[in-house]
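Undergrad: Here it is, the structure, as structure tokens.
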Amino acid sequence: MAEAASEELKARVLEYLAKVDKAKSHDIAQALKEKKSLVDAAVRELAREDRVEFLYIGTSYVKLKGK
Amino acid sequence: MAESRTPLLDELEKGPWPSFVTDMKKLAQRKPAVQDALGQLEMSYRDKKGHWKHGGIVGVRGYGGGVIGRYSDVGDVFPNVAEFHTMRVNQPSGWFYTTEKLRQLCDIWEAYGSGLTNFHGSTGDIILLGTVTQNLQPAFDALSEAGFDLGGSGSDLRTPSACVGPARCEWACIDTLDICHDLTNTFQDELHRPMWPYKFKLKIAGCPNDCVAAVARADLSVIGTWRDSIRIDREAVREYADGGLDVERAVVNRCPTGALSWNAEKKELGLKAEECNRCMHCINMMPKALCPGVERGATLLIGGKATILQTAFLSWVIVPFMKLEPPYEELKDLLRRIWEWWDENAKTRERVGELIYRKGMREFLRAVGLPPAPQMVFRPRANPYYFWWPEELEGNGHKEQG
Ligand code: SF4
Ligand code: SF4
């Protein structure tokens, strides 16, 4: 089982997504200077909590739920 | 007689075969969405132009894959298919169902969708065609209740699939069904939440006949094989010869590696096991006389598929032989290392095979910690696809090639 993502990182992911229309996990990791695997874990939890959603335009992106 | 509204589609009802048009017309009598789908399809045939747009946000709570948003670009003409989303449902390993489960699936889709199904999509999933956004969550809840889950779509792990393997087939060298089921359960996050540069397909075939066409379609192919020698029942070989099979012409001369020989006088088949490349030809020709060896496992190959950024690829061998026993940790660890390297290095929409093509097999092998092996050929029977690192070449004046 993957480790739980830190609440602090989840908050930073949400903050980043609030500033952009959509982003790949890879871009979020680069912008936040974090390891991709940690960002993936944070996004996964945020998806389960229904706070982010996925958008498909040729490839999959993450965006803030309802934004 | 009234003129048909679908003269072009009607052509597809002619001939001796079952026709999807006939089925759709039957369903259209009680499903207005199917009536409009037929109308739109006729328009597409007439205009030689597709009228579906796909993508956008459609999904169910917590999931990023499994629903493909589909919209009509002529929704004003065909309002009942203005939204016509597809749900991909994870198929059972080897596509075995009870009739009770099939009925449940159909009832759910009657209630929440168009009733149109496709068993199965090219990835292997059960495809439920045509529903509206507001029905997605209730349909998903009903599917979950019936014991089903969504499959993959978008930039995630696509639903793993496997041949029927040991359930029906005597050639299965590995338990394809268990491996597929186990990997599907282990990689639920990878399947449902798309975090990668692009899709990744995983297919498992029980023997090199590769009935799931993994080598041409999967990013990682797991192909059952054997390490020792084909087993030969000499008496049964003689029976084939006595029964009229020209063993020399139809079997021995067609062995691609010259591993077989034939003594016509004694009706005896010879085999140089070390020359056999497991093409399965002789076994397929004489199934009662020949069968795979007893030391069984799998060959792993990477990079198949008609890709977007490069040309079409068949897969390359990366592990000539791996023993595969539950809980398949060696395979799972390797998959994680492959995904990490690909995720780190790929451009958007670049499949792992394309990345290897761009960066080189050498980079890939070092990154994922696999040793080079002679089976790693760029094109079969052509040239090796591994070049040694300069520092690994001892006291020589060789220049690196390629
Ligand atoms: S791939 Fe091999 S084991 Fe699987 S169904 Fe085909 S012949 Fe049988
Ligand atoms: S499996 Fe293929 S390569 Fe091996 S002995 Fe038979 S025909 Fe030859």
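The values are calculated or read from the model by the stated rules, or taken from the named source; none is laboratory data. Everything quoted here is computed from the prediction, not taken from an experiment. Ideal geometry is used to build each Cβ from the backbone, glycine not excepted, and the neighbour counts take in all protein chains shown.
Undergrad: Can you pull out every residue in the stretch B:263-295 that is in a loop (DSSP other than H, G, I, E, B), at negative phi and in contact with a Phe, Trp or Tyr (Cβ under 8 Å, 6 or more places away or on another chain)?
TA: Listed by number, the residues that qualify are B:286, B:288, B:289, B:292, B:293, B:294, B:295.
Undergrad: Now for a separate question. Among the candidates B:184, B:159, single out the residue that is in contact with an Asp or Glu (Cβ under 7 Å, 6 or more places away or on another chain), closer than 20 Å to residue B:206 by Cβ and among the β-branched types (Val, Ile, Thr).
TA: Just a single option satisfies the conditions, and that option is B:159.
Undergrad: Looking only at the stretch B:103-132, how many residues end up being over 18 Å from residue B:152 (Cα atoms) and surrounded by fewer than 17 Cβ atoms within 10 Å (Cβ to Cβ)?
TA: 5
Undergrad: One residue is enough: does the stretch B:109-125 have a residue meeting the conditions in a strand (DSSP E or B) and within 14 Å of chain A (Cβ to nearest Cβ)?
TA: no
Undergrad: Then there is this: Got at least one residue in the stretch B:271-293 being more than 14 Å from every other protein chain (Cβ to nearest Cβ), more than 16 Å from ligand 2 (Cβ to nearest atom) and not aliphatic (A, V, I, L, M)?
TA: Checked against the condition, which is being more than 14 Å from every other protein chain (Cβ to nearest Cβ), more than 16 Å from ligand 2 (Cβ to nearest atom) and not aliphatic (A, V, I, L, M), the stretch B:271-293 yields no hits at all.
Undergrad: From (1) surrounded by fewer than 24 Cβ atoms within 10 Å (Cβ to Cβ); (2) without any contact (Cβ under 8 Å) to a residue 60 or more places away in the chain; (3) assigned to a helix (DSSP H, G or I), pick out the condition that doesn't hold for residue B:143.
TA: The single condition residue B:143 does not satisfy is (1).
Undergrad: Being in contact (Cβ under 8 Å) with a residue 24 or more places away in the chain, more than 16 Å from ligand 2 (Cβ to nearest atom) and out of contact with any helix residue (DSSP H, G or I) (no Cβ under 8 Å at 6 or more places or on another chain) is the filter here, so list the residues in the stretch B:212-234 that pass it.
TA: Result: B:212, B:214, B:216, B:217, B:218.
Undergrad: Another one. Which one of B:313, B:321 is more than 14 Å from chain A (Cβ to nearest Cβ) and crowded, with 20+ Cβ neighbours inside 10 Å? Walk me through how you get there before you give the answer.
TA: Working: B:321 fails: crowded, with 20+ Cβ neighbours inside 10 Å.
None of the other options fit; the residue is B:313.
Undergrad: Surrounded by fewer than 21 Cβ atoms within 10 Å (Cβ to Cβ) and closer than 13 Å to residue A:62 by Cβ: does that describe residue A:22?
TA: Against the criterion (surrounded by fewer than 21 Cβ atoms within 10 Å (Cβ to Cβ) and closer than 13 Å to residue A:62 by Cβ), residue A:22 qualifies.
Undergrad: Which of the strands (runs of 3 or more DSSP E) found entirely inside the stretch B:33-100 contain at least 3 residues meeting this: more than 12 Å from residue B:132 (Cα to Cα)?
TA: The strands (runs of 3 or more DSSP E) meeting that bar are B:52-54.
Undergrad: Let me ask something else. Which of the residues spanning the stretch B:176-211 are among the β-branched types (Val, Ile, Thr), more than 14 Å from chain A (Cβ to nearest Cβ) and assigned to a helix (DSSP H, G or I)?
TA: Once the filter is applied, which keeps residues that are among the β-branched types (Val, Ile, Thr), more than 14 Å from chain A (Cβ to nearest Cβ) and assigned to a helix (DSSP H, G or I), the stretch B:176-211 yields B:176, B:179, B:184.
Undergrad: Restricted to the stretch B:163-177, and to residues that are of a type in the set (A, V, I, L, M) and in contact with a Phe, Trp or Tyr (Cβ under 9 Å, 6 or more places away or on another chain), which residue is farthest from residue B:205 (Cα to Cα)?
TA: Checking each candidate, the answer is B:167.
Undergrad: State the number of residues belonging to the stretch A:17-46 that are free of Cβ contacts under 8 Å to residues at least 12 places away in the same chain and not in a loop (DSSP other than H, G, I, E, B).
TA: Number of matching residues: 7.
Undergrad: For the stretch A:21-67, give me each residue that is more than 7 Å from chain B (Cβ to nearest Cβ), touching a Lys or Arg at 6+ places or on another chain (Cβ under 8 Å) and β-branched (Val, Ile, Thr).
TA: Within the stretch A:21-67, A:52, A:62 meet the criteria.
Undergrad: Return yes when residue B:99 is surrounded by fewer than 20 Cβ atoms within 10 Å (Cβ to Cβ) and at pLDDT 95 or above and no when it is not. Explain how you work it out, then say what you get.
TA: On the way: surrounded by fewer than 20 Cβ atoms within 10 Å (Cβ to Cβ): yes; at pLDDT 95 or above: yes.
Yes: the conditions hold for residue B:99.
Undergrad: Modelled with pLDDT of 95 or more and either within 14 Å of another protein chain (Cβ to nearest Cβ) or part of a loop (DSSP other than H, G, I, E, B) (or both) - does that describe any residue in the stretch B:357-367?
TA: No, the conditions are met nowhere in the stretch B:357-367.
Undergrad: How about the stretch B:158-180: which of its residues are closer than 20 Å to residue B:120 by Cα, in contact with a Lys or Arg (Cβ under 8 Å, 6 or more places away or on another chain) and not polar (S, T, N, Q)?
TA: Matches in the stretch B:158-180: B:158, B:160, B:162.
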